[in-house]
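Since the structure comes first, as structure tokens, the remarks are kept for the end.
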Amino acid sequence: MTEETWVVTGGAGYIGAHVVEALRGAGRQVVVVDDLSTGATSRVPADVDLEQLSVLETGRLTGLLRDTGAVGVVHLAGKKSPTESMSDPLLYARENVGGVVSLVQAVRDSGARRVVFSSSCSVYGSPDLPSVGEDAPTLPQSPYGESKLYGEQVLAAAARAHGIGVVSLRYFNVVGAAGPALRDTGTYNLVPLVFQALREGRAPLVFGDDYPTPDGTCVRDYVDVRDLADAHALAATALGSGRSGGTYNVGRGTGYSVLEVLDTVRAVTGRPLDHRVVDRRPGDPASVVGDVRRIARDLAWTATRDLAEMVASAWAADRDQSAPRRGPDRS
Ligand SMILES: NC(=O)c1ccc[n+]([C@@H]2O[C@H](COP(=O)([O-])OP(=O)(O)OC[C@H]3O[C@@H](n4cnc5c(N)ncnc54)[C@H](O)[C@@H]3O)[C@@H](O)[C@H]2O)c1
């Protein structure tokens, strides 16, 4: 039997590179599409084709889907900072919403009939619930969250109109790395920010300790990037077996406060770590924890790695940046 080909947009990025590994591990051929705006060629294995193009280039994307005979696309390409989206909302409309529109057009005009979409728990905004299910109200608090929600809606409409199978995965907070080459080099998320502070010998900032949570700091649901990547492979399999699709939270269903994450970093790294409490950041919800029963039921996915394992893998990858690269430098 010939292997199915899947295109991974954003496959040179942090999460996308782990998705490439998971799909290949599940026996699929993979082609990466990435404009390398934040991605790195060193994250793409040497035996995986990398097409440097923007998902906004609909004609080239359609041609690629046709030429490769791809059956589906995992769409991760996009911008990911809620804070940046507040100051540059048009960038998020163009890249995230425009990216989905362009992708749907390319899928519709090619033979690919399946899409796994990288959505986010930011579609929920500030849920006033101990744990938030997929049917909870969606009230995003930033143009980033709005762009993810609208992306889901465009895909759902295209699924109905054009018979495309769509799974939208709402990621919670992603941590960890399968190795140094794949680590999160961005500084948007808590753990990379704490590591950066450690490297620079300064105290990491804690934004607010007067939230209505047990220790006053924000509570989030953290998921290991390797577990998250496996969810994409299971979604691809489900779509291939005729399942029409759906929307799923991807988290552990467990909340940790910022102070608990700092304690875990102290335990894993063995480094002393003093933090500094500063004012709340505008728009930060007190607590966002996922109800993850639906994905367990439908896709037989549950997170296997706990917070200490996530932080340990991220720390090992961060410390070992000088390790040999996985593939030859393409640049
Ligand atoms: N990291 C998280 O905690 C998190 C949480 C929820 C959702 N997400 C979503 O997951 C996806 C991947 O996030 P990440 O953390 O890996 O970020 P990343 O910046 O490492 O990866 C994004 C990749 O997309 C590429 N890209 C951006 N715009 C493109 C375009 N127009 N055409 C082609 N390629 C383009 C970048 O070069 C990069 O390789 C994003 O859509 C993000 O919104 C991330």
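With the requirement that a residue be farther than 17 Å from G290 by Cβ and of a type in the set (F, W, Y), what does the range 204-252 give you?
Within the range 204-252, F207, Y211 qualify.
Could we say that T247 is of a type in the set (S, T, Y), within 15 Å of the ligand (Cβ to nearest atom), without any contact (Cβ under 8 Å) to a residue 12 or more places away in the chain and in contact with a helix residue (DSSP H, G or I) (Cβ under 8 Å, 6 or more places away or on another chain) here?
So T247 does not fit the description; no.
Among the residues of the range 77-92, count how many are among the aliphatic types (A, V, I, L, M) and within 11 Å of the ligand (Cβ to nearest atom).
Residues flagged as among the aliphatic types (A, V, I, L, M) and within 11 Å of the ligand (Cβ to nearest atom) within the range 77-92 amount to 2.
Which residue is surrounded by the most Cβ atoms within 10 Å (Cβ to Cβ), if the candidates are limited to the range 255-274 and must be in contact (Cβ under 8 Å) with a residue 12 or more places away in the chain and closer than 18 Å to E200 by Cβ?
V265
Can you tell me which residues in the range 1-40 are β-branched (V, I, T) and near the ligand (Cβ under 7 Å from one of its atoms)?
Across the range 1-40, the qualifying residues are T9, I15, V33, T38.
One line per residue, one yes/no per condition, for (1) surrounded by fewer than 22 Cβ atoms within 10 Å (Cβ to Cβ); (2) modelled with pLDDT under 95; (3) in a strand (DSSP E or B); (4) away from the ligand (no atom under 12 Å from the Cβ):
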site	(1), (2), (3), (4)
L129	yes, yes, no, yes
A136	yes, no, no, yes
Q141	yes, yes, no, yes
G145	no, no, no, no
V174	no, no, yes, no
A177	no, no, no, no
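Testing A112 on (1) within 14 Å of the ligand (Cβ to nearest atom); (2) part of a loop (DSSP other than H, G, I, E, B), one condition comes back false. Which one is that?
Answer for A112: the failing condition is (1).
Being within 13 Å of the ligand (Cβ to nearest atom) and of a type in the set (G, A, S) is the filter here, so list the residues in the range 147-170 that pass it.
If the condition is that a residue be within 13 Å of the ligand (Cβ to nearest atom) and of a type in the set (G, A, S), then S147, G151, S168 are the ones that fit.
Could you please tell me which pairs satisfy a Cβ distance under 6 Å, a separation of 6+ or placement on different chains, a first residue in the range 283-297 that is closer than 15 Å to N249 by Cα, and a second residue that is small (G, A, S)?
From residues that are closer than 15 Å to N249 by Cα, the pairs are V289/S131; V289/G255; G290/G251; G290/G253; D291/S131; D291/G133; V292/G251; V292/G253.
May I ask you to verify whether L262 is modelled with pLDDT under 95 and in contact with a Pro (Cβ under 8 Å, 6 or more places away or on another chain)?
no
Taking the criterion of being modelled with pLDDT of 95 or more and within 10 Å of the ligand (Cβ to nearest atom), would at least one residue in the range 63-72 satisfy it?
If we filter the range 63-72 for residues that are modelled with pLDDT of 95 or more, which is where we start, we get 63-72.
Now restrict to residues that are within 10 Å of the ligand (Cβ to nearest atom): none.
No, that holds for no residue.
The values are calculated or read from the model by the stated rules, or taken from the named source; none is laboratory data. Not measured: the values here are computed from a predicted model. When we count neighbours, we look across all protein chains shown, and the Cβ atoms used for this are built from the backbone with ideal geometry, even at glycine.
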